[in-house]
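Undergrad: The structure is given below, and queries will be raised subsequently.
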Amino acid sequence: THVDSGIGRYVYPLEDGGVDEAKLAFWNRNEQVQEQFSFNVNLRNSYPIDGIRLPHQPAAVVTQTDAQNWTVSLGNRVQNVNGDDDDDVSAQSSQPMAQGPVASLDKDILLYWRHSDGLPGSLDMTTYKKDSTSPGTFMMTLTPGDDLAPLQNGRDWIFVLDVSGSMAGKYSALTEGIRQGLAKLSPQDRFRIVLFNDTAQNFSGDFQPAIPEKITPLLDKLDQYQPNRGTNLYAGMKMGLRKMDADRPTAMILVTDGVANVGVTEKKAFLEMLEQADLRLYTFVMGNSANRPLLNEMTKVSQGFSLSVSNADDIMGQIMLAADKMSHQAMRNIQLKFDGGRITDLTPEQIGSLYRGQQLTLLGHYRKAGPVKVTLTGEIGSETRTYETEITFPDQSTLNPELERLWAYAKIENLQAKMDYLGEDSDTKQAITSIAKEHGLVTDYTSMIVVEEARFNQLGIDRSNKKRVETEHQARQQRAAAPVQQRRADTNKPMFDKKRSTVSGSSGGGAIDPWLLALLIAMASGVLIKRQQRDRKTKEA
């Protein structure tokens, strides 16, 4: 899930990545559903929702029970030759089937929801603690009030655009995004456009004033460009960093799928290059083949931000979110302090920056129940601001056992990112292996064993993951039968005194529910996709 400025977003990926090497493939597949397809969502939210939409899915049926409970249904039904609906698509039958409405598998399914206006900034928390003697796990989500002011002075914007072969299917979205982005700049701003495939090209020359007379002809020329060849991401970024003016704040807008396969490709080299540059990196991560670990880490180093964009996305909505962030101050060098609770194993360890409309989500363990003072500090411009509240960690909390695996997954990602940068070491590798084995996760160092039931006993393998899955399933049933839980933890002493930001730029609304994992697990398990068997064809020499 991704929630920003009161807009929630979930993507169910179906579209192939489309990397540069796709043209070398000799597999031909059918992208049409030949049997039954269904996508069913039960959205239960502790904050009221006033709208749901699915772009490019006009057949979706959206039903509202109340402000906190919504359902979404999308799919087709297969009919047999007698015209009756066939609900059991897995059953074997000799009776011929007539094709019903067909769903396409070549576009992602995007689900958006919008929170009601007028909701305050808050600290929300979800916990799991098996009993009073066990350590607890928590997920904490901080949603600041809208107190990041607009930027008044001019800035320099460097647009570094991927025009390699892998971007061919995404290029129209790319150019439209750049057009909308440039339209948001003020006349005091300047911009430069750099293109890269297997080489880099300074498309616009020196910095240009952000005025229509300069923007329009360059974009008209950009529209005619044909993506081709490989991806030398390093060369594109290196050229973008040239000839920056030290007297003006600078931001780099990188639009790419991050599939670097020409020139320098090591993650460490990209991070070191950005550490030496005085700019913020904002990244649009395009498509399902994107190298998200590389792109996300680069934005953290520069204290920028990244937005994932599907080809089926609402590109205009994504541009609005990005423009809002790039035109406002950000909170940097964030520190979070806990007084009480014996808090351990926090992830992420380094927070970085928060931009307008963003949340801060952390996972960790607590060893002692009871009251805990939480203090958030960060720099906004030249000012250091402090936000405080007091919350209570429960002695027992059993409805959200999935939190343990959420923490483990986030911790492994953090450890893997360190190794990508500093190099592999035995201690970190062992830590990843231990966490993954304890929580039933597949990593580069652990795998899944699938054998018959009796074989587990013969091999002496403890079915700990089976027990964990059963516990999670029972908890989901209990949550479904109970009223929607309230997640806000700072009601007695609010941490923020302003309302949350929205994409419209007003100070009202835009609430974000910190807990949707269980919903999405159920959503994913409810999707049944039947593809026609792939045909192999030999590529002509």
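Since every read-out is calculated from the coordinates, none of them should be taken as a lab result. Since we're looking at a predicted model, the values are computed, not measured. Because the Cβ atoms are built from the backbone with ideal geometry, glycine has one as well, and the counts that use them run over all protein chains shown.
Undergrad: What residues qualify as long-range amide H neighbours of THR265, i.e. H under 5 Å apart, gap of 5 or more or another chain, H built at 1.01 Å from N?
TA: Answer set, sorted by chain and number: none.
Undergrad: On full extension of the chain, what length is gained from LYS373 through ASN202, given 0.36 nm per residue of separation minus the C-alpha to C-alpha distance?
TA: Values: separation 171, 0.36 × 171 = 61.56 nm, distance 5.16 nm.
Length gained, LYS373 through ASN202: 56.4 nm.
Undergrad: Then there is this: So how much slack lies between ASP223 and ASP247, counting 0.36 nm per residue of separation and subtracting their Cα-Cα distance, in nm? Kindly include the intermediate steps, with their values, before the conclusion.
TA: Working: separation 24, 0.36 × 24 = 8.64 nm, distance 3.23 nm.
Between ASP223 and ASP247, full extension yields an extra 5.4 nm.
Undergrad: Right, next: Would you kindly state how much longer the chain becomes between LYS498 and GLU470 on full extension, computed as 0.36 nm times their sequence separation minus their alpha carbon distance, in nm to one decimal? Intermediate results must be reported in sequence, preceding the final value.
TA: Details: separation 28, 0.36 × 28 = 10.08 nm, distance 4.17 nm.
Full extension from LYS498 to GLU470 adds 5.9 nm.
Undergrad: If I take the Cα coordinates of region 151-306 and project them onto the principal axes, what are the three extents in Å, biggest first?
TA: 37, 34, 23
Undergrad: Please list, in order along region 294-307, the HN-Hα scalar couplings obtained from phi with the Karplus expression 6.51 cos²θ - 1.76 cosθ + 1.60 (θ = phi - 60°), rounded to whole Hz, x for Gly and Pro.
TA: Each residue of region 294-307 in turn: 5, 5, 5, 5, 5, 5, 5, 4, 8, 6, x, 8, 10, 10 Hz.
Undergrad: Moving on to the next point. Once Rh is set to the Kirkwood radius over Cα pairs, what Stokes-Einstein translational diffusion coefficient, in µm²/s, holds for region 402-481 at a temperature of 10 °C and a viscosity of 1.306 mPa s?
TA: Translational D for this selection: 110 µm²/s.
Undergrad: Among all the lysines, which ones have a C-alpha under 23 Å from LYS467's C-alpha, if same-chain residues fewer than 8 places away are not counted?
TA: Result set, ordered by chain and number: LYS129, LYS130, LYS411, LYS437.
Undergrad: Can you compute the modelled spin-label distance between SER132 and GLN64, with each label point 7 Å from Cα toward Cβ, in nm?
TA: Distance between the two pseudo-spin positions: 4.5 nm.
Undergrad: Show the residues, 5+ positions off or on another chain, whose built amide H is closer than 5 Å to the amide H of LEU43.
TA: Under 5 Å from the amide H of LEU43 lie the amide H atoms of TRP70, THR71, VAL72, each far enough along the sequence or on another chain.
Undergrad: Would you mind getting me the FRET efficiency between VAL451 and GLN188? Use the beta-carbon distance for r and R0 = 56 Å, nearest 0.05. Write out the running numbers ahead of the final one.
TA: Numbers: r = 66 Å, r/R0 = 1.18.
With a Förster radius of 56 Å, E is 0.25.
Undergrad: May I pose another question? Take the Cα of ASN333, step 7 Å along the line toward its Cβ, and report every residue of region 373-389 whose backbone nitrogen sits under 15 Å from that point.
TA: Answer for region 373-389: 377-386.
Undergrad: Scan around VAL285 for amide H atoms under 5 Å from its own, H built in the peptide plane at 1.01 Å from N, and keep only partners 5 or more places away or cross-chain.
TA: HN-HN under 5 Å from VAL285: LEU307, SER308, VAL309.
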